[in-house]
Amino acid sequence: MKKSSADLKLIALVIAILLLILSPQLLLLATTKSYLDWFRYCVLPTLLLSTLLLSFSKYPHRSLWLLFPIALMAPQELFYLSTYQKSTDAHALAIVLETDISEASGYLSGLGWLIIGGIMAIMAIFFAATGVSKQRQHVWPQGDRWFKSSRLLIWVLVGAGLLFVVNEERQYAIAYPVVEKNNAAETALSRRALPESYNMFYQSYPLNVLLAFNEYRVQKQTLRNIAKSSEDFKFGAAQTSTLSERQIYVLVIGETLRPDRLQLNGYSRATTPRLAGLGDVISFRDMVSPWAWTRMSVPVIISRKGSTDASYFFAEKSVVGAFAEAGFRTYWLSTQSPLGVHDSSVALHANEADEVTYLNPVGYKKEGYYDEVILPAFERILQRPEQKQLIVIHTLGSHFSYADRYPANFDLFQPSGKGLQLGMHDKANKTQLNNAYDNSVAYTDYLMFNLIGQLQKQQAIASLLLVSDHGENIFDGDCEKSGHGHNTELDYRVAALWWGSELFQQANPAQVSQLKRSARMPLMTTQTFHTMLDLAQISYPSEQKAMSFASKQFRPLPRILSSGHDFDLAAKDKVCRALPAAK
Ligand SMILES: [Zn+2]
């Protein structure tokens, strides 16, 4: 009687361990479309792996411990999956590995005691199970033919699976060699269609974590190789004047922010009440981006990359490198992703900064964190006793899904479809999409107002420039288009704002008057790099003052888009104001 109750206890404990390991997959069961696929890709690999690990020693009480790390990390996977509806991937790993957890506010906040309790409970289960097994002197039936052959089968199956994954990687490495030449590296990142093994097992815990580690490693290495080519690049930049005051320059890279939706620019809705209330924000109403995709449009903002340069990576450093040469401590705060097809061309330049912090473990595909997670990180930087700081902030702004970009208290214009995950290409959603978009703009107003508020508290020459990466179509007028990348006027028109502290205005009155003049001039986002350096009195041998819209020498240029067409002169169709296709 005593014997069987101990065995029952052991069985119950092992089932508990397996359930724990399978818990992420059990959560996936609720949303699966095919039970067979769910079993095949989510459950079976985990069961095989667990069985394999259990068969490593003839004493179960030893091999059980091999399951311990998998069981220990399972609650984290479960938490991540239930919170963000996606399994751990390379992006999530990058955030965890590269961001100080205390900086990633909210990622694990308030869970401290729960985590400690969870670890204790899992340890208790393992100690109890292995204890019983040891006490009962359990040994796998080594001599049993059935056992031996089934173990062999498992080893063969797992071995075949491993070979499959390794072969995938090898084939992939042959197809997309990671070498120091930009083109091949570009291909490896920008067209990195994931190997089949990722597509199959991305939801199979703990395989997904191992695959994510590998993907993270490959992408990071590729980025490092590309960064090497501009490692020694120098602008020869230095500040021309020695200022005794503290200096803080902030560049905010906006996301999908349309100029015509800013109340500051005459929009009928109160989308920028806070910034309008400040009274000293300059809004540039006529700025154009040469590109309408983030990965191409951000590099031209932050570097000297030309508007028609179609290469994915730019061989020079960015505004970050230039400020660093001039003696600035440089920071990069982002709620966008640190790697992947859409982000590597930006991450390359982010990595030039002394400190890079990615604050959003989710990316744009899900609701994740709102841009306000930037505020405490920004404040911590300002609190540092540093004389010269450059802070680049890459926001998620108004990236689709618009309703995911702001919290409930900014659901001002309704109906917005918040929480409904409305499709962006269904014209029936036109009203909701437009309302949600305007709400996201109102939220950006809140973010910018708070960034400025924190700068106001500093005794510093402070400047903040916001430039959006591209615009957006939202079924405007009779146009059937939504989103960006449609080659329309609305794709290319971007919002841009500038604010300067009192000390800045006193120190640089000529620049401030020029910025006011430029507010109505035809501008391009490619002028941002030059303007940022000019605002900070940073000079270098090949500088072009005519490219800075803060300079008296500023001269508007023909606005040539990535397509090669002149934005102002090209014919536009009546309905969508679409421009001619690329030359
Ligand atoms: Zn974008």
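The table below gives the values:
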| item | result |
| --- | --- |
| Rule-of-thumb Rg ratio for the chain [Cα; 2.2 N^0.38 Å; N residues] | 1.11 |
| GluC sites (Glu not before Pro) within segment 229-286, DSSP loop, no more than 13 other Cβ atoms inside 10 Å | GLU231 |
| Charged-residue dipole, Cβ positions (Lys, Arg, Asp, Glu), the chain about Cα centre, Debye nearest 20 | 1280 debye |
| Set of lysines near LYS574 by C-alpha distance (under 29 Å), chain-local residues within fewer than 8 positions excluded | LYS427, LYS430, LYS481, LYS583 |
| Local electrostatic count at ASN208 - Lys and Arg +1, Asp and Glu -1, tallied over other residues with Cβ under 12 Å | -2 |
| Centroid-to-centroid separation of segment 513-583 and segment 439-481 [C-alpha atoms, Å] | 19 Å |
| Carbon/sulfur fraction of accessible area - the chain, other protein chains in place, 1.4 Å, % | 60 percent |
| Of the DSSP H helices in the chain, those whose Cα atoms cover at least 20 Å axially and whose Kyte score averages -1.0 or more | 2-29, 68-84, 112-135, 145-175, 207-229, 430-456 |
| Per residue, in Å², the accessible surface of the chain once ligands and nucleic acids are set aside, probe 1.4 Å | 44 Å² |
| Any cysteine of the chain lacking a neighbouring Cys Cβ under 4.7 Å - listed by number | CYS42 |
| Gained length - GLU316 relative to ALA581, 0.36 nm times residue gap less alpha-carbon distance | 92.5 nm |
| Cleavage-rule hits, chymotrypsin sites (Phe, Trp or Tyr not before Pro), segment 1-89, DSSP coil, Cβ neighbours within 10 Å at most 15 | PHE56 |
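The values are calculated or read from the model by the stated rules, or taken from the named source; none is laboratory data. Predicted model, so just to flag it, every value in this text is computed and none were measured. In this analysis, Cβ positions are derived from the backbone assuming ideal geometry, glycine residues included, and neighbour counts consider all displayed protein chains. Note: accessible area is taken over every heavy atom of the protein model, side chains too, but ligands, DNA and RNA are not part of it. Shrake-Rupley method; radii C 1.70, N 1.55, O 1.52, S 1.80 Å.
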